[in-house]
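The values are calculated or read from the model by the stated rules, or taken from the named source; none is laboratory data. Here the structure is a predicted model, which is why all the values come from computation and not from measurement. Because the Cβ atoms are built from the backbone with ideal geometry, glycine has one as well, and the counts that use them run over all protein chains shown. The area values use the complete protein model at the heavy-atom level, side chains included, leaving out ligands, DNA and RNA. Shrake-Rupley method; radii C 1.70, N 1.55, O 1.52, S 1.80 Å.
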Amino acid sequence: MIGFIGAGNIGGAVITGLVKNGFDSDQIIVKGGKSNTAKDLQDQLGFKMVSKIKQMADTDVIFIAVGQTALDSVMTELSSIAEGKLVVAFTGGATIAQLKKKLVGAKVAIAIPNTPVKVGAGFTGISYSDVFEEADKKKVCSILGYTGQVVEVPSEQLGILGTVAGCSPAFLDLFIEALSDAGVKHGLNRQLAYDAAIGMAIGASKLAKQSDLSVPELKDEVTSPGGSTIRGVAALEEYGFRNAVIKAVDAAEGK
């Protein structure tokens, strides 16, 4: 049995990804907030809901999916049943030390999923406390694996990994929208332009993932000498595309 405290954007996306990809909804208990988000999700997915965290006493793994402002109060309530549990916080501002101090006796970790977990195509970075054993890690990964790829990283790298994987869906959406605008400018109807841009993004990502070639090599395969693609790439560089992406990551990191 696993528990979720919070079912907002990220918590709800992970729960949806689990159930839609085969995890038994009867094994999920959710403590929602004051909004009806969790209740609306329950109507769709059929998991159990509770009104108090202490009603999650029978769970083995608990995922905390609340904002930074609510984290302290959640941990205070959770501390009474935390002993022996695996607790994974999706709260980006949390630290391992903070969780260990408040949740005495629990084995704690911090994970940063991105929104594609909702369709089983997510990327989740995770950092574990030093008391997490390999069996514990396998248990957490076996759950989150329903939502996509899970990668363990040192805690000091979790923030930037979360930015690269977590903020970038919005960057890619913006790129898809811009490609669609360009297609419409040159005569495509809007839906076809979106379908072409989205299909490209899915296919190119899948190829980059599965190919033996590096990403630069894949780019070189498409950019024939004197061809239209290399002219487009040159225009992207002229207008600062690469620098804009790096600056976007810097800004998301607060630098």
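Observations on the structure shown:
- The range 98-157 and the range 188-241 have Cα centres separated by 33 Å.
- The packing ranking, built from the mean of other Cβ atoms within 10 Å per residue, places the peptides 65-74, 240-249, 173-182 in the order 65-74, 173-182, 240-249, highest first.
- Counting only DSSP beta bridges whose two residues both lie in the range 2-152, roughly 15 percent are antiparallel.
- The largest accessible area among Tyr128, Tyr146 belongs to the first residue in Tyr146, Tyr128, and the rest follow in falling order (1.4 Å probe, all chains).
- Calculated [θ] (222 nm, deg cm²/dmol) that DSSP helices of n ≥ 4 give over the chain, each run adding -39,500 (n - 2.57): -15500 deg cm²/dmol
- Accessible area (Å², 1.4 Å probe, nearest 10) - Val164: 80 Å²
- Antiparallel content of DSSP bridges confined to the chain, in %, to 5: 15 percent
- Measuring nothing but protein heavy atoms, the accessible surface of the range 198-255 at 1.4 Å probe radius is 61 percent carbon and sulfur.
- Crossing angle, helix 190-210 versus the chain [Cα axis fit, 0-90 degrees, rounded to tens]: 70 degrees
- On Cα atoms only, tilt of 68-78 relative to the major axis of the chain in degrees: 30 degrees
- Relative to its Kirkwood radius, the Cα radius of gyration of the range 2-152 gives an Rg/Rh of 0.92.
- Accessible area of the range 43-192 belonging to carbon and sulfur atoms, whole % at 1.4 Å probe: 55 percent
- Dimensionless Rg ratio for the chain, taking C-alpha atoms and the 2.2 N^0.38 Å reference: 1.16
- Solvent-accessible surface of the chain, averaged per residue with a 1.4 angstrom probe and all protein chains in place: 56 square angstrom.
- Look at the Cα gyration tensor of the range 162-253: its axes a ≥ b ≥ c give a/c under 1.5, and that counts as rounded.
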